[in-house]
Amino acid sequence: MENKGLLIVISGFSGVGKGTVVKRLVSEYGYSLSVSATTRAPREGEVDGRDYYFKSVEDFRNLIDYNGFIEWAQYVDNYYGTPRKFVESEMAKGHDVILEIEVQGAMHVKEQYPDAVLIFLTAPDVNSLRQRLKGRGTETDAVIAKRMKRAKEESKDMTVYDYIVVNDDLDICVQTVHSVIVSNKCLRENNIKFIEAIKEELQEQ
Ligand code: 5GP
């Protein structure tokens with residue numbers, strides 16, 4: 001099989017549980033996780049370098065100028081970006097890398113890495129999405145309202161994604177996302193070089 005790592009983009013509505021799903025994918029299946037840079041303030045319990053690289057707007061803009069991101073986007077008044085170095089070196093080592101990013105970033109990734117697998121996580125319905133945002137208790141009503149508005153916009157872009165996965169039962173969701181990634185790797189079009197190599201080797205027998 002191809003031994004260059006796969007780029008996996010996971011997006012989804014705010015509050016859908018992306019963070020938990022991604023952590024489980026990393027701990028249970030050994031995916032590499034890209035840590036993003038952001039200009040947003042850390043939430044309680046978040047650690048610099050583990051959850052995000054927390055940056056000033058100035059530092060973030062410098063990184064943009066130095067081509068330090070494979071993509072970046074503005075989301076609810078803050079900048080978010082995927083550091084280039086980590087992703088490229090992990091993929092070169094043959095590791096599959098997960099990016100947990102929003103939809104504008106996902107589209108930029110697909111333009112640059114057409115082989116990337118784009119997965120969108122959704123709640124079963126809008127009501128459970130709103131409840132989850134409220135339940136987290138970390139955001140003000142104004143921020144929740146902004147995120148619901150943003151979710152409305154994001155729903156228009158769901159069709160950009162290769163796979164849509166419902167996060168209703170966490171275990172099932174994690175297994176489903178992993179299966180999607182594995183089956184994507186087995187697609188014929190992702191194994192053209194492998195097929196050619198096997199055919200050539202067999203010719204020599
Ligand atoms: P939060 O502030 O809740 O941690 O993240 C807000 C949104 O930014 C989420 O949808 C998250 O997936 C997205 N995000 C996190 N890191 C990045 C990144 O590096 N690039 C882009 N485009 N979006 C990101």
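See the values below:
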| read-out | value |
| --- | --- |
| Conditions (1) within 11 Å of the ligand (Cβ to nearest atom); (2) modelled with pLDDT under 95; (3) within 30 Å of Glu196 (Cβ to Cβ); (4) hydrophobic (A, V, I, L, M, F, W, C): number failed by Val16 | (3) |
| Flag if Ile64 is within 13 Å of the ligand (Cβ to nearest atom), surrounded by 20 or more Cβ atoms within 10 Å (Cβ to Cβ) and not in a loop (DSSP other than H, G, I, E, B) | no |
| Residue check for Gly105: near the ligand (Cβ under 9 Å from one of its atoms) and either closer than 19 Å to Thr122 by Cβ or surrounded by 20 or more Cβ atoms within 10 Å (Cβ to Cβ) (or both) | yes |
| Residues (modelled with pLDDT of 90 or more and in a helix (DSSP H, G or I)) located in the stretch 189-205 | Ile192, Lys193, Phe194, Ile195, Glu196, Ala197, Ile198, Lys199, Glu200, Glu201, Leu202, Gln203 |
| Members of the stretch 106-154 that are without any contact (Cβ under 8 Å) to a residue 40 or more places away in the chain, within 17 Å of Val9 (Cβ to Cβ) and assigned to a helix (DSSP H, G or I) | His108, Glu111 |
| Residue within the stretch 40-51 that is at pLDDT 95 or above, crowded, with 19+ Cβ neighbours inside 10 Å and either more than 9 Å from the ligand (Cβ to nearest atom) or within 30 Å of Ala142 (Cβ to Cβ) (or both) present | no |
| Cross-chain or 6+ apart pairs with Cβ under 6 Å, the stretch 76-87 first and within 24 Å of Lys152 (Cα to Cα), then charged (D, E, K, R) and assigned to a loop (DSSP other than H, G, I, E, B) | Asn78/Arg40 |
| When residues of the stretch 67-94 are limited to those that are exposed (fewer than 15 other Cβ atoms within 10 Å of the Cβ) and part of a loop (DSSP other than H, G, I, E, B), the one nearest to the ligand (Cβ to nearest atom) | Val76 |
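The values are calculated or read from the model by the stated rules, or taken from the named source; none is laboratory data. As the structure is a prediction and not an experimental result, all values here were calculated from the model. Because the Cβ atoms are built from the backbone with ideal geometry, glycine has one as well, and the counts that use them run over all protein chains shown.
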